[in-house]
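To keep things clear, I will list the structure first and then write my remarks on it.
The values are calculated or read from the model by the stated rules, or taken from the named source; none is laboratory data. Because the structure is a prediction, the values reported are computed rather than measured. We place every Cβ from the backbone using ideal geometry, glycine too, and count neighbours over all the protein chains shown.
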């Protein structure tokens, strides 16, 4: 998306996910924290009929398995506004930040990551996104963090 280019944003078949129609069709999410990029991703601004602007963040399917699945046509990602999600293998939080956008302020993401280096970025991102709860623990030992996690609608594993 080039600056100044007229972009039309349309809802995707998955709630909370959008397609930015332009030279290329880009997957995007509505930024829950306008004015803030999480990982230097491209952002686009769309003028609303009432004169306000809505900010969207481009969601790169080459950096996110979840974005690749959504763009690739998977029937249901089970993540929608208001959902409660356990995200295993959160890394620095790039995909988690888009999940945060999708679920909105009524949802919650329990983001589990073991690497202290990645967790630093994850924790910093979560400071601005109140629906993200970072958990610094090894995902393969749920007994170590089960007391921190409430009931969830979806578990997503992004581990290698």
Among (1) in contact with a helix residue (DSSP H, G or I) (Cβ under 9 Å, 6 or more places away or on another chain); (2) farther than 24 Å from residue 31 by Cβ - the single one residue 131 does not satisfy: (2)
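For every residue, the table says whether it meets (1) in contact (Cβ under 8 Å) with a residue 60 or more places away in the chain; (2) touching a helix residue (DSSP H, G or I) at 6+ places or on another chain (Cβ under 8 Å).
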{"site": "27", "(1), (2)": "no, yes"}
{"site": "34", "(1), (2)": "no, no"}
{"site": "50", "(1), (2)": "no, no"}
{"site": "66", "(1), (2)": "yes, yes"}
{"site": "108", "(1), (2)": "no, no"}
Residue match in the stretch 46-57 (condition: surrounded by fewer than 20 Cβ atoms within 10 Å (Cβ to Cβ), modelled with pLDDT of 95 or more and not in a strand (DSSP E or B)): no
